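**Student:** First the structure, then my questions, so here it is.
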Amino acid sequence: MIGWPVFGIPMVLGWTGRYHRLQQFTLAFAIALIVTTVLSGLLPAIGTYAYFHLWPDPSVFSTGSYATSADSVPLLRDGTMRVLDITQLVGIVTFPSFHTCAAVLYLWAFWPVRWMRPLLLASNGMLLIATPIGGGHYFIDMIAGAAIAVLAIAAAKWLAARLTRDADTPIAAVNIPGAAVPAE
């Protein structure tokens, strides 16, 4: 649920001519990913399954990549594991929840596309419901993820407005006799 929108959002927003929203989404997603990564490094946490030593029976319920990497987190924290394989970094971030962050960003990015709203609400609602169960997150992880998403959206809107300010201003006609030049 977290992967397909990263590719689907740019296609749908581009297809529907919502280029400004696409620009803001790309910027907000990058900001949120950077902030989440930095915070998770500064505030390393262990998810609920590892903390409470509760591992579901994989034949009944699989926690996916979280369970796969949960044994690495204590080794990272105590310094035993000193080398990370960048291709195997899955499920290592607990606080803040990037799943929640992504769900909020996806809802916001797609919201102007009315015909996508039912799919949006269903898929991102399921992503949010599954986050504490499948991702082993605490609710505070989800609250922090939602807050980061909201702040990333605000920052992206502000940055996009500053970066495109000159692009939205009409260019004065230069070297065209009789052309009106706007007064400043």
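Just so you know, all these numbers are worked out from the coordinates, no wet-lab data involved. Predicted model, so just to flag it, every value in this text is computed and none were measured. Cβ placement follows ideal geometry from the backbone for every residue including glycine, while neighbour counts extend to all protein chains displayed.
**Student:** May I ask you to compute the full-extension gain from W15 to A155, defined as 0.36 nm times their residue separation minus their alpha-carbon distance, rounded to one decimal in nm?
**Tutor:** Full-extension gain reported as 47.9 nm.
**Student:** Under a point spin-label approximation (7 Å from Cα along Cα-to-Cβ), what is the T37-L75 distance to one decimal in nm?
**Tutor:** Placing both labels 7 Å beyond Cα along the Cβ direction yields 2.2 nm.
**Student:** Ranked by Cβ crowding within 10 angstrom, fewest neighbours first, how are Y138, Y19 ordered?
**Tutor:** Y19, Y138
**Student:** Same structure, new question: Determine, for L42, L107, the number of other Cβ atoms within 10 Å of each Cβ, and report the residues in order from fewest to most.
**Tutor:** With the sparsest Cβ surroundings first, the list reads L42, L107.
**Student:** Tell me the net charge near L107. Cut-off is 14 Å between Cβ atoms, L107 excluded, with +1 for each Lys or Arg and -1 for each Asp or Glu.
**Tutor:** That sum, taken over residues with Cβ under 14 Å, equals +3.
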